[in-house]
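Single-structure report; data block below.
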Amino acid sequence: MVKTSHQQAFAHPTLLLWLIVGWAGFFLLPWYGVEDSIFTFTWMTEGYPTDDDVAPAFFHALGGRKIWLLPLVAFLIGPLFALRRDKSDPLHAKILIICGALGFGWLIAQGFSIGIRGWNFQWMASLFGPLEDRQFGMGTGAMLTASAFLFMLTQGIAGRGAVNGDIFVVGAIGFVVTIVAAFVFYPILNMLASAFVTQEKTYSVTVFFEKFTDRRLWGLGCFEGGRCGAAWNSLILAILVGFLTTALGLAFALVVTRTGFRFKKVLRALTVLPIITPPFVIGLAIILLFGLSGNVTRFVADFLDISATRWVYGMPGVLIAQILAFTPIAFLVLIGVVEGVSPSMEEAAQTLRADKWQTFKTVTLPLMRPGLANAFLLGFIESMADFGNPLVLGGNFDVLSTEIFFAIVGAQYDQGRAAVLAIVLLGFTLAAFWAQRFWLGKKSYTTMTGKGDSGVHPLLPNSLAWPVFVVAGIWTLFTITIYVMIVYGSFVELWGVRNTLTFKHYVTAFSMKLTDGGIHWTGSAWDSFWTTLQIAAIAAPLTAAVGLVTAYLLTRQNFAGKNAFEFGTMLSFAIPGTVIGVSYILAFNVPPIEITGTGIILVVSFIFRNMPVGVRAGIASMSQLDKSLDESSLTLGANSWQTFLNVILPLLKPAILAALVYSFVRAMTAISAVIFLVSAEYNMATSYIIGRVENNDYGLAIAYCTTLIVVMLLAVALLQLLVGRTNIGRRLNQSRTNV
Amino acid sequence: MLEPNSKAASVTFDGVTKLYGSAATGVRAVDNVSLNIEAGTLVTLLGPSGCGKTTTLRMIAGLEMPTDGIVRIGDQNVTKLPATDRDVSMVFQSYALFPHMSVLENVSYGLKFSGFNKSETAQRARAGLELVGLANYDTRLPSELSGGQQQRVAVARALVLEPQVLLFDEPLSNLDAKLRRQVREEIREIQQKLGLTVVYVTHDQEEALAVSDRIIVMNNAVIAQDGTPRDLFEAPANRFVADFIGEANILDCEISAAGEGMATVKLGGYQLDLPRRDNPDGKSLLGVRPNRIIIGKAGASNSLQGRILRSTYVGSHLELTISTDLGDLFATSDDVDAPYAPGNEVSVTFAESGPVLLNS
Ligand SMILES: Nc1ncnc2c1ncn2[C@@H]1O[C@H](COP(=O)(O)OP(=O)(O)O)[C@@H](O)[C@H]1O
Ligand SMILES: [Mg+2]
């Protein structure tokens, strides 16, 4: 018996569900954003359903005012006619496509056309006459209705046979495309456009060129003892950081995988530490060591009897801090690659009479090329986007990310300049991306054979092992010193001035009082601490979910425009956080999506900043799962959603854990985008700390950082416990350790 | 025990084409194929690697959608129906057992989605495991089974759904030779006992000849021949089939008219009469199996003259390579005591039945 529609009325449960959601959004829930969270239900008592602030769309339109909302009713009723038709009936699909597309399109169009001051475009005002009314940012009602239209459309497209008529897959594609368009492409394009806006709010190319050719951007004064432009500074710094972190990362990866080194575990733990450290913490530690009153500076000055200088402020300091902060990232990329090189390839080379060194040079190294390119790219982009270290250590060394910040928040308040700087920054990172693609070319570097590889990696040749050991050793010592400094520094009263030990900083930040009313969080850091935890806890699962669904679509499904889809989802990876920050405040402080100053904008920025990592982790482990697993599930009668749930997800636990941990940690430590998006109500830990640093309150800042590090260690352990492991037996386990 | 399957259904392809990629540059994996597989039979798709067997099978399963043409299962047109909604199960070459589920969970997997309640599911799954002789392995993980046992779990998992059609894609290629023979006999036995419709893909002609009711030979995305094992062996439709199924000497020849439906075949100085099989007069091809070659004394009339190049004793028979004017012939001789040494002059004739004219 083939399973076809038994009961006509319930033949389309998904469609029915979305229709109800759409109606609820239109008829029941407040159409525009409300003051408090929708779940507090205070809006119920504020004149609902007729008061303008909380009225559902239907009541807006009923009052005869916002009549442009009225056409949506038609598109919400239309699908009723599709509900009773069989999926194979062409009319079913047609109705859904028309209603979904027109409804969604109309919703977007009216949202962009009518803003807080009536018509958004001059030509509309002259065409339709002035508009007395106005609109605010979309609220729950509008969002639900928009989603309903979107999924009607995707069901219609599935009904026409796209992707084998799979509703779940087409819906997922539509969803990812829509959110990426709304939260990556729209803000970026909007920002590009604002680089051309003059003070009179008209568009002009000359404005752009004026700002683009600024001396502060491209000047070469540093060759004559002056200052160089921020663009050159950023570029040179990023290239240096890219090369050095890649080289160091490779050295550690080789030590861990291909030497008899006994303290591999220690090295691994150490290289992971900086990942859970807010990047600028390293900057702070460097000040404690090498700053004007830093230990090392003092010691050297006393020893050589010269006066201490501020040499570390500027390029040297930023470079050291970034290398320390980003080497672990290169290491994590490279360890997977180094382990991934199939031992049988190396063994084959050795049986073909290559010695160890020749094998390494001719087989191992070339096969690691994609990993090296990726590591360089990551270092390059991280350095370009880094905001904290240049702010703390930069001195007169201007870089793009800090310049963008000061263009927006400083006295100059010049949106156009910020946009131009952001464009230059984006240009650099995209160029790096393009260069990487070009360098890798079309060669295949896949070495996974899918068959259990049982060989062992050869050890490094001695001539290579020793230098690698020495480098790894020095770095390890240095890192340990840095972290000891951080912990120690948090207990010192005033570094370099009063070196007595004290709990003062912790008390100021995290004191609490027990009263009969409960606990009073009296410390100054609690506010930002709880906000940070909350935002990170919300963002992490969402990021992992979006990332893994995207990875599933990319590895498991074939559809038209898949390459463009992949590019779009990975794009936000090439966009430095600072650029995201600027583009978000430019795009989302006006309707239709008005979320500046809320916690939502922080969550959204984290999702799209960190999603590419979830996607990559998902793709990496999904491509190790043979496609026949899904297919056999499908032929056994499960649909693609059930397959995703029962087969793919359980096998992806390592990837899920990686994505969760990464996005959680990044949400807690990120600063570059966050600094633009925080508000008085939603202040994040990192921006609070930066604020303390700017007030020279190092003790408190370091104490807070130490606390964060400990909290994150605990959180990572907790996540590991929550996600658990999937037992797949011994043989398979062995070959899947390097996820 | 599972009951004989009353749902077994036929499979029909009507001008089915599958194109990967665009019409201009894409691969035509299956080209305008029509076939009919009767309910309750085991039919093999046989052909060299890349000829489109797997693609054909996946179109029956609903894992690929035809670019053109119609697929029917029973009387239902399923051309546009996705795999989930078809009542077809498949045993994959890699077995595709879910590594995170026990053997019993694997076998129960499909039952869960077919509306059986818990006890029915468990009961059927156990019956399936019993049928393949793995009743005591229910709690193991797939990674704790040998290759042959994994293969049987995969078969049980597909069987318990009592599908209309059961598909196998090279199910034995990961097993060693001895196990291969055993498992293929088990599959055939279960198929006959339960009266299943089975479509079986292999590139191994011996396997195909051993298990099939009918064999569909494919080559370059089209069907080369469709028939019983005996048809294919004794009356290959063309040179490809003659060469692919068993070994054959393919010789150039010249034919002219003889009696009704017959033709006189001229091979140099050797002449014989054979069924014409729609070949026109003129140049043609003759296929001769090695065991249909008769070796006689040198100089016999109406024969080919040749010289022994190689002679190998393989126990049950001799394998001989004979050089003639028409090229080297490969022959076998049951007369293991005959003293054929390299360099010996012999004459060669063909058995009366056996040689066939081939449509080139
Ligand atoms: N997903 C695909 N995309 C493009 N070409 C494919 C795909 N799957 C199979 N092919 C091509 O189709 C042809 C037939 O493949 P297949 O049916 O797998 O052959 P086989 O007979 O060996 O099972 C081959 O040339 C193969 O390269
Ligand atoms: Mg195949």
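The values are calculated or read from the model by the stated rules, or taken from the named source; none is laboratory data. As the structure is a prediction and not an experimental result, all values here were calculated from the model. Glycine also receives a Cβ, built like all others from the backbone with ideal geometry; neighbour counts cover every protein chain displayed. Side chains are part of the model used for accessible areas, which takes the heavy atoms of the whole protein and leaves out ligands, DNA and RNA. Shrake-Rupley method; radii C 1.70, N 1.55, O 1.52, S 1.80 Å.
Structure data summary
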quantity	calculated
Matching residues in the stretch B:111-138 - criterion: being within 14 Å of chain A (Cβ to nearest Cβ) and within 14 Å of B:A154 (Cβ to Cβ)	B:A125, B:G128, B:Y137
Failed criterion for B:E38 (all others in (1) surrounded by fewer than 18 Cβ atoms within 10 Å (Cβ to Cβ); (2) among the charged types (D, E, K, R); (3) within 10 Å of ligand 1 (Cβ to nearest atom) hold)	(3)
Residue within the stretch A:104-119 that is among the charged types (D, E, K, R), farther than 23 Å from A:G165 by Cβ and surrounded by fewer than 18 Cβ atoms within 10 Å (Cβ to Cβ) present	yes
Matching residues, the stretch B:44-64, being of a type outside the set (A, V, I, L, M, F, W, C), over 11 Å from B:K18 (Cβ atoms) and either near ligand 1 (Cβ under 7 Å from one of its atoms) or more than 17 Å from the chain's Cα centre (by Cα) (or both)	B:G47, B:S49, B:G50, B:K53, B:G62
Answer residue from the stretch B:89-110, given it is touching a strand residue (DSSP E or B) at 6+ places or on another chain (Cβ under 7 Å) and part of a loop (DSSP other than H, G, I, E, B) and is farthest from the other protein chains (Cβ to nearest Cβ) among those	B:Q93
Total residues in the stretch B:159-176, condition open to solvent by less than 30 Å² (accessible area, probe 1.4 Å) and among the polar types (S, T, N, Q)	1
Listing of helices (runs of 4 or more DSSP H) fully contained in the stretch A:139-223 that carry 3 or more residues being more than 23 Å from A:L83 (Cα to Cα) and not assigned by TED's automatic domain parsing to the domain that holds A:Y32	A:167-180, A:186-194, A:205-212, A:215-218
Of residues in the stretch B:224-242 being touching a residue at least 24 places away in the same chain (Cβ under 8 Å) and surrounded by fewer than 22 Cβ atoms within 10 Å (Cβ to Cβ), the one nearest to ligand 1 (Cβ to nearest atom)	B:A224
Residue ID - nearest to ligand 2 (Cβ to nearest atom), chosen from residues in the stretch B:84-127 that are open to solvent by 40 Å² or more (accessible area, probe 1.4 Å) and under 22 Å from B:V183 (Cα atoms)	B:Q93
Filter result for A:P592 (in a loop (DSSP other than H, G, I, E, B), open to solvent by less than 20 Å² (accessible area, probe 1.4 Å) and more than 10 Å from every other protein chain (Cβ to nearest Cβ))	yes
Residues located in the stretch B:56-72, provided they are within 12 Å of B:L167 (Cα to Cα) and more than 16 Å from ligand 2 (Cβ to nearest atom)	B:G62
Matching entry among B:E260, B:E319 (being in contact with a helix residue (DSSP H, G or I) (Cβ under 9 Å, 6 or more places away or on another chain) and open to solvent by 50 Å² or more (accessible area, probe 1.4 Å))	B:E319
Long-range neighbours under 6 Å by Cβ, at least six apart or interchain, first residue within 12 Å of chain A (Cβ to nearest Cβ) and basic (K, R) within the stretch B:148-165, second open to solvent by less than 10 Å² (accessible area, probe 1.4 Å) and part of a helix (DSSP H, G or I)	B:R157/B:N106; B:R157/B:V107
Any chance B:T12 is open to solvent by less than 50 Å² (accessible area, probe 1.4 Å), more than 16 Å from ligand 2 (Cβ to nearest atom), at pLDDT 95 or above and closer than 27 Å to B:L196 by Cα	yes
Count of residues meeting criterion [among the aliphatic types (A, V, I, L, M) and in contact with a Leu (Cβ under 9 Å, 6 or more places away or on another chain)] in the stretch A:676-712	11
Enumerated helices (runs of 4 or more DSSP H) restricted to the stretch A:17-130, each holding at least 2 residues that are aromatic (F, W, Y)	A:57-62, A:90-113, A:122-128
Qualifying residue in the stretch B:51-60 (condition: without any contact (Cβ under 8 Å) to a residue 24 or more places away in the chain, part of a helix (DSSP H, G or I) and hydrophobic (A, V, I, L, M, F, W, C))	no
Enumeration of residues in the stretch A:563-572 that are open to solvent by 10 Å² or more (accessible area, probe 1.4 Å) and either of a type in the set (A, V, I, L, M, F, W, C) or touching a helix residue (DSSP H, G or I) at 6+ places or on another chain (Cβ under 7 Å) (or both)	A:A564, A:F565, A:E566, A:F567, A:M570, A:L571
Neighbours by Cβ (under 6 Å, 6+ apart or cross-chain): first from the stretch B:65-80, more than 8 Å from chain A (Cβ to nearest Cβ); second open to solvent by less than 80 Å² (accessible area, probe 1.4 Å) and assigned to a loop (DSSP other than H, G, I, E, B)	B:I70/B:T79; B:V71/B:V78; B:V71/B:T79; B:G74/B:A9
Filtered residues of the stretch B:111-137 (kept if under 19 Å from B:E186 (Cα atoms), modelled with pLDDT under 90 and in a loop (DSSP other than H, G, I, E, B))	B:V132, B:G133
Single match in A:F606, A:F676 (criterion: aromatic (F, W, Y), open to solvent by less than 10 Å² (accessible area, probe 1.4 Å) and in a helix (DSSP H, G or I))	A:F606
Only listed residue being more than 16 Å from ligand 1 (Cβ to nearest atom), open to solvent by less than 20 Å² (accessible area, probe 1.4 Å) and assigned by TED's automatic domain parsing to the domain that holds B:S108, chosen from B:V217, B:V201, B:V153	B:V153
Long-range neighbours under 9 Å by Cβ, at least six apart or interchain, first residue under 21 Å from B:L161 (Cα atoms) within the stretch B:8-21, second within 16 Å of ligand 1 (Cβ to nearest atom)	B:V11/B:L35; B:V11/B:V43; B:V11/B:I60; B:V11/B:V71; B:V11/B:V199
Filtered residue count, the stretch B:22-35, keeping only those that are among the hydrophobic types (A, V, I, L, M, F, W, C), more than 8 Å from ligand 1 (Cβ to nearest atom) and without any contact (Cβ under 8 Å) to a residue 12 or more places away in the chain	2
Residue match in the stretch A:641-648 (condition: touching a residue at least 60 places away in the same chain (Cβ under 8 Å), buried (at least 20 other Cβ atoms within 10 Å of the Cβ) and under 30 Å from A:L292 (Cα atoms))	no
Some residue of the stretch A:538-549 being of a type in the set (S, T, N, Q), surrounded by 14 or more Cβ atoms within 10 Å (Cβ to Cβ), assigned by TED's automatic domain parsing to the domain that holds A:I689 and out of contact with any Lys or Arg (no Cβ under 6 Å at 6 or more places or on another chain)	yes
Any hit, the stretch A:241-248, residues being surrounded by fewer than 21 Cβ atoms within 10 Å (Cβ to Cβ), at pLDDT 85 or above and aliphatic (A, V, I, L, M)	yes
